[in-house]
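Q: I am attaching a structure below and will ask some questions about it afterwards.
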Amino acid sequence: MPHHTEPLYRPPSEADSLIFQITEGCSYNKCAFCGMYIDKPFRIKPLDDVLVEINGIPEPYAKHVHRVFLADGDGVIYPTAELAVILDALTAKFPAIRRISSYAGPQALMKKSAGDWKLLREKGLRLLYFGLESGNNEVLELMNKGMKADKLLPKVQLVKEQGIDFSVMVILGGGGRKLSCAHMEDTTAWLNAAKPKYVSLLTLFLRRRRDYFDSIEKPRVGDLTDEIRRFLTGINEGSMIFRSNHVSNFVPLEGVLPRDKEKLLARVDEAEKFLHSRGMLDKYPDFYEEF
């Protein structure tokens with residue numbers, strides 16, 4: 001079976017996937033809000049080691065594998081020619097495989113050409129999980145994200161043109177109270193242009209840099225429900241499978257946007273009435289105080 005170095009992370013939707021670690025850590029690892037790989041140095045695992053691990057998977061297990069997730073933080077930073085060899089080996093090893101996916105950081109997205117992404121799609125790469133966090137560049141600068149949303153948009157559109165789907169993550173509260181409106185307005189505009197297949201919401205909680213957390217006026221519960229409402233209202237294009245089911249979220253939602261917008265907004269209204277009845281709208285989320 002594959003060898004993993006801990007800690008190991010994967011998207012919630014990859015719970016039933018084989019997690020195959022071709023890189024360790026994150027090649028950027030400077031986002032102010034992220035604590036996933038703080039103490040894990042970045043490393044690209046040698047191709048020969050990866051191939052040995054693939055070949056070592058028992059055949060009785062291999063025939064039941066339908067999905068593979070390439071870990072760690074941005075597996076597609078792997079050099080394209082060698083990554084193509086890995087994808088070929090995975091496809092050969094798992095006869096029932098339907099999808100290979102990976103996190104994709106902005107650096108990996110920008111580095112590879114249209115031809116690179118076309119090749120990887122032909123070799124079996126189907127889905128990239130991309131942490132946009134915000135479509136507002138001022139918020140991204142506060143987050144030390146190392147990218148500008150408007151510069152990434154054309155590249156995401158180009159990758160999509162090669163047949164690779166995206167699952168885009170957005171962080172509620174990322175700009176604090178001051179930038180809340182701009183955060184959601186620019187984020188929904190970005191999503192309307194990009195039209196990813198999947199989109200999800202997470203809620204800001206401190207896992208890394210206290211200076212970032214202290215630099216923004218922390219949103220209260222009511223501010224966050226307002227952001228959810230702005231988010232839902234602002235999505236008017238495409239057909240995005242939407243989830244708000246991360247452990248950090250206190251209003252679980254799921255549907256297709258913009259098709260289910262009114263139903264989802266009604267759910268937010270119900271949740272807000274409940275929170276108001278408990279006197280919670282003016283409070284800070286409990287997990288702000290855990291760090």
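Q: If you add up the charges near residue 232, with Lys and Arg at +1 and Asp and Glu at -1, over every other residue whose beta carbon is less than 14 angstrom from its beta carbon, what do you get?
A: Combined, the nearby Lys, Arg, Asp and Glu give -3.
Q: Also: By how many nm would the segment from residue 16 to residue 107 lengthen if fully extended, with 0.36 nm per residue of separation less the alpha-carbon distance?
A: Fully extending the segment from residue 16 to residue 107 adds 30.0 nm.
Q: Please report, in cubic angstrom per residue, the volume enclosed by the convex hull of the alpha-carbon atoms of the range 48-145.
A: 105
Q: Taking the chain as a whole, which cysteines find no other cysteine Cβ under 4.7 angstrom from their Cβ?
A: If one checks each Cβ against the other cysteines of the chain, 26, 181 turn up with nothing under 4.7 Å.
Q: Still on this structure, please answer the following. Among DSSP bridges having both ends in the chain, what percentage is antiparallel? Round to the nearest 5.
A: 20
Q: Let me check against my output: what whole-number percent is the relative contact order of the range 12-276, with C-alpha pairs under 8 Å and at least 6 apart?
A: 16
Q: Right, next: Pulled fully out, how much extra length does the chain show between residue 82 and residue 63, if you take 0.36 nm times their separation in residues and subtract their Cα-Cα distance?
A: Computed gain between residue 82 and residue 63 is 4.4 nm.
Q: What full-extension length gain, to one decimal in nm, is calculated for residue 245 and residue 282 as 0.36 nm per residue of separation minus the Cα-Cα distance?
A: The span from residue 245 to residue 282 would gain 11.1 nm if fully extended.
Q: Taking a 29 Å limit on the Cα-Cα distance, which of the listed pairs 63/261; 93/148; 30/111 fall beyond it?
A: 63/261; 93/148
Q: Computed from the coordinates I sent, Rg and Dmax of the Cα atoms in Å equals one of (1) 19.5, 60; (2) 18.6, 59; (3) 20.6, 77. Tell me the label.
A: (1)
Q: Could you tell me how many degrees, from 0 to 90 and to the nearest 10, lie between the Cα long axis of helix 80-93 and the main elongation axis, the longest principal axis, of the Cα atoms of the chain?
A: It works out to around 80 degrees.
Q: Right, something else. Which net charge results for the neighbourhood of residue 118, defined as the other residues with beta-carbon distances under 12 angstrom from its beta-carbon, given Lys and Arg at +1 and Asp and Glu at -1?
A: Net local charge, residue 118 excluded: +1.
Q: To the nearest 0.05, how large is the calculated FRET efficiency for residue 155 and residue 273 if R₀ is 51 Å and r is the Cβ-Cβ distance?
A: 0.75
FYI, it's all coordinate maths here, none of it is from the lab. Since this is a predicted model, take the numbers as computed values, not measurements. Note that we place each Cβ from the backbone using ideal geometry, even for glycine, and neighbour counts take in every protein chain shown.
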